[in-house]
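A.B. asks: What follows is a single structure, and I will ask about it in a moment.
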Amino acid sequence: MNRRKFLKSGAVATTAVAGTVAAPNIVTAQAKTFSWKMTNAYGPGSPFYVQGPGSPTDFIKMVDTMSGGRLKIQHFAAGELIPALEGFDAVSKGTVEMNCANSYFWSGKTFAAQYFTAVPFGMNALGMNAWLYHGGGQKLWEEVYAPFDIQPFPIGNTGVQMTGWFRKPIEKIEDFKNLKMRIPGLAGKVYAALGVDVKLLPAGEIFPALERGVIDAAEFVGPFQDRRLGLHKAAKFYHTTGWHETSTVTELAINKKAWASLPGDLQEIVKAAAAACNTLSHSWCEAANAEALEDLVKNHGVKTSPLPLAILAKLQEVTVQTLNDAAAKDPLVKKVHDSFIGFKSKVDKWAGISEGVYYNEIRGKI
Ligand code: CA
């Protein structure tokens, strides 16, 4: 009797004593190993985006350990296998099984993708997670990505980002007129409506451009990541209102066929590790930003201030109009928009009387 026949007959013969001789079948199914590739929109060595607690490479280690080595994933930072922004197409076609990036990079394919990373005046990390995990956000994300054969999950969050670095502080709306500013995405479009001359520069080019005065202002991430680029050496005014990215989700995109090929336990391991990394990466950012901001102010002469309220009101007005216009053009964008905005209004009321009390309490003491 060959091995296959033996296992088959073994399984049938032991129905009455399940859990004993049936075990070899389970072992055989579980022994299958998977060797996958993960690409990344961020460069080699980037803290949070590539390495460190809760990062994609940390996720890979977790999955390896939790699966007993049955799901091996090889990581390629931007440029190591494919260019930074080709991960979505690579996963969609199945060239690689996984990619880490931000969904708003793909808003040219569908505007709805913007909502799963951040929209201006959106939700903080608590609210985003509440929407994604419990408010229908994850399901909508899957619906938006279904035509691309991609299964998405949140895998990280930077928390609130900073307005950015300015050579001169912004005091009135006119200060935006012809201001050359590095700011990508939807927030860039909103600034442009206020007269900002928007520049799109990759991370590595921000510091030299700001230092040489090619640009007057630059947005990147937050205190830790911005200090790493040296932006405080090129501009001293740090506006801190994170209106444009109230929290920024990192996405894990998985090729649908590859995802379906995983047995249920490996799927659960991937889901659990991604959820763990979502929490770990965000909490790491909170710790790292608190340290970096204190250092920037104490040791590097950085001046922090929020954006004036009148400017915020104008930014919000343009944002609302921009989002409404996009929603009016596409039923799926409208579906995502309505879910996001509906959830936000509910969670904002709750946050105002729960977390809000805490923030009001500390506001007078900093
Ligand atoms: Ca940013």
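The values are calculated or read from the model by the stated rules, or taken from the named source; none is laboratory data. Note that the structure is predicted; figures quoted are calculated from it, not measured. Here Cβ is always computed from backbone atoms with ideal geometry, including for glycine, and neighbour counts include all displayed protein chains. Surface areas here come from the heavy atoms of the whole protein model, side chains and all, with no ligands, DNA or RNA. Shrake-Rupley method; radii C 1.70, N 1.55, O 1.52, S 1.80 Å.
A.B. asks: Binning every alpha carbon pair distance of the chain at 20 Å from zero, what are the percents per bin?
C.D. replies: Per 20 Å bin, starting at zero, the Cα-Cα P(r) for the chain comes out as 27, 53, 15, 5, 0 percent.
A.B. asks: Where in region 307-330 does the amide nitrogen come within less than 14 Å of the point 7 Å from the Cα of Lys139, taken along Cα to Cβ?
C.D. replies: Output list for this probe position: empty.
A.B. asks: List the residues, sorted by chain then number, that are 5 or more residues from Phe76 or on another chain and whose placed amide H is less than 5 Å from its amide H.
C.D. replies: Here Met38, Thr39, Asn40 satisfy the definition.
A.B. asks: Next question, about the same structure. Using Cα springs under 10 Å in a Gaussian network model of the chain, which residue among Ile206, Ile353, Ile150 shows the largest mean-square fluctuation?
C.D. replies: Comparing Ile206, Ile353, Ile150 in the GNM, the peak value goes to Ile353.
A.B. asks: With both partners inside the chain, how many of the DSSP beta bridges are antiparallel, as a percent to the nearest 5? Don't skip to the end; give the middle numbers.
C.D. replies: Values: 16 of 34 bridges.
Counting DSSP beta bridges with both partners in the chain, the antiparallel share is about 45 percent.
A.B. asks: In cubic angstrom, how much convex hull volume per residue do the alpha carbon atoms of region 152-301 span?
C.D. replies: Details: hull volume 17.2 nm³, N = 150.
In region 152-301, the Cα convex hull volume per residue is 115 Å³.
A.B. asks: Using modelled amide H (1.01 Å from N, peptide plane; none on Pro or chain starts), what sits under 5 Å from the amide H of Phe34, excluding residues fewer than 5 places away?
C.D. replies: Amide H to amide H, under 5 Å and 5 or more residues apart or across chains, Phe34 pairs with Leu71, Lys72.
A.B. asks: Of all the C-alpha pairs in region 42-86, what % are more than 13 Å from each other? Each step should come with its number before you reach the end.
C.D. replies: Numbers: 544 of 990 pairs.
For region 42-86, the share of Cα pairs beyond 13 Å comes to 55 percent.
A.B. asks: What does the extension gain come out to for Asp338 and Lys365, with contour length at 0.36 nm per residue minus their alpha carbon separation?
C.D. replies: On the way: separation 27, 0.36 × 27 = 9.72 nm, distance 3.73 nm.
Extending this stretch completely gives an extra 6.0 nm.
A.B. asks: Another question about this same structure. With angles folded into 0 to 90 degrees, how steeply does helix 56-66 sit against the dominant principal axis of the chain? Use alpha carbons for both and round to 10.
C.D. replies: Relative to the chain, helix 56-66 is tipped by roughly 20 degrees.
A.B. asks: For the chain, build the charge dipole from Cβ charges (+1 Lys, Arg; -1 Asp, Glu) around the Cα centre, then report which of Val270, Gly159, His134 sits farthest towards its positive end.
C.D. replies: Val270
A.B. asks: If you don't mind, there's one more thing I want to ask. Rounded, prolate or oblate, given the Cα gyration tensor of region 257-366, with a/c below 1.5 counting as rounded?
C.D. replies: Since a/c reaches 1.5 but b/c is at least a/b, the shape of region 257-366 is classed as oblate.
A.B. asks: Next question. Determine the order of Lys139, Lys199 by accessible area, beginning with the largest, at a probe radius of 1.4 Å.
C.D. replies: Descending order: Lys139, Lys199.
A.B. asks: How large is the accessible surface of Glu205 in square angstrom, using a 1.4 angstrom probe and rounding to the nearest 10?
C.D. replies: 100 Å²
A.B. asks: Quick one: 3J(HN,Hα) in Hz for region 73-83, Karplus 6.51/-1.76/1.60 with θ = phi - 60°, rounded, Gly and Pro as x.
C.D. replies: Result, ordered by residue: 10, 9, 9, 10, 5, 3, x, 7, 10, 9, x Hz.
A.B. asks: Calculate for the chain the 222 nm mean residue ellipticity that helices alone would give, adding -39,500 (n - 2.57) per DSSP H run of length 4 or more and normalising by residue count, nearest 500 deg cm²/dmol.
C.D. replies: -14500 deg cm²/dmol
A.B. asks: On a 0 to 90° scale, report how tilted helix 309-329 is relative to the longest principal axis of the chain, with both axes built from alpha carbons and the result rounded to the nearest 10.
C.D. replies: That helix lies at roughly 50 degrees to the long axis.
A.B. asks: In addition: Can you send over the solvent-accessible area of Tyr133, 1.4 Å probe, protein chains only, in Å² to the nearest 10?
C.D. replies: For Tyr133, solvent-accessible area is about 90 Å².
A.B. asks: Quick one: what are the phi-derived ³J(HN,Hα) couplings along region 154-163, Karplus 6.51/-1.76/1.60 with θ = phi - 60°, whole Hz, x for glycine and proline?
C.D. replies: After applying 6.51 cos²θ - 1.76 cosθ + 1.60, I find x, 9, x, 7, 7, x, 5, 9, 9, 3 Hz.
A.B. asks: By how many nm would the segment from Asp197 to Leu309 lengthen if fully extended, with 0.36 nm per residue of separation less the alpha-carbon distance?
C.D. replies: 38.2 nm
A.B. asks: Compute the distance in nm between two label points, each set 7 Å from the Cα along the Cα-to-Cβ direction, one at Lys233 and one at Ala275.
C.D. replies: 4.3 nm
A.B. asks: Could you tell me what percent of the accessible area of the chain is made up of carbon and sulfur, with a 1.4 Å probe and every protein chain present?
C.D. replies: 59 percent
A.B. asks: Which order do the peptides 171-178, 63-70 take when ranked by the mean count of other beta-carbon atoms within 10 Å per residue, highest first?
C.D. replies: 63-70, 171-178
A.B. asks: Among rounded, prolate and oblate, which fits region 147-186 when a ≥ b ≥ c are the square roots of the eigenvalues of its C-alpha gyration tensor, a/c under 1.5 means rounded, and a/b larger than b/c means prolate? All intermediate terms of the calculation are to be shown ahead of the outcome.
C.D. replies: Details: a/c = 4.34, a/b = 2.38, b/c = 1.83.
Prolate shape, in that a/c is at least 1.5 and a/b is the bigger ratio.
A.B. asks: Right, another one. Could you give the dipole magnitude of the chain about its Cα centre, charging the beta-carbon of Lys and Arg +1 and that of Asp and Glu -1, in debye to the nearest 20?
C.D. replies: Taking the Cα centre of the chain as origin, the dipole is about 700 debye.
A.B. asks: Can you list the residues, at least 5 places off or on another chain, whose amide H is less than 5 Å from the amide H of Ile150, using H built in the peptide plane?
C.D. replies: Lys256
A.B. asks: Provide, as a two-decimal number, the C-alpha radius of gyration of region 223-299 over 2.2 N^0.38 Å, N being how many residues it has.
C.D. replies: Working: Rg = 18.0 Å, N = 77, 2.2 N^0.38 = 11.5 Å.
Taking N as the residue count of region 223-299, the ratio is 1.57.
A.B. asks: Mind jotting down a quarter of the surface of the convex hull over the alpha carbons of region 314-360, in square nanometres, one decimal?
C.D. replies: So the mean shadow area of the Cα hull is 3.9 nm².
A.B. asks: Okay, next question. Over the alpha-carbon set of region 44-200, work out the extent along each principal axis and list the three values in angstrom, largest first.
C.D. replies: Its Cα atoms span 59, 34, 30 Å along the three principal axes.
A.B. asks: Quick one: angle between helix 3-13 and the longest Cα principal axis of the chain, in degrees between 0 and 90, rounded to 10, please.
C.D. replies: 80 degrees
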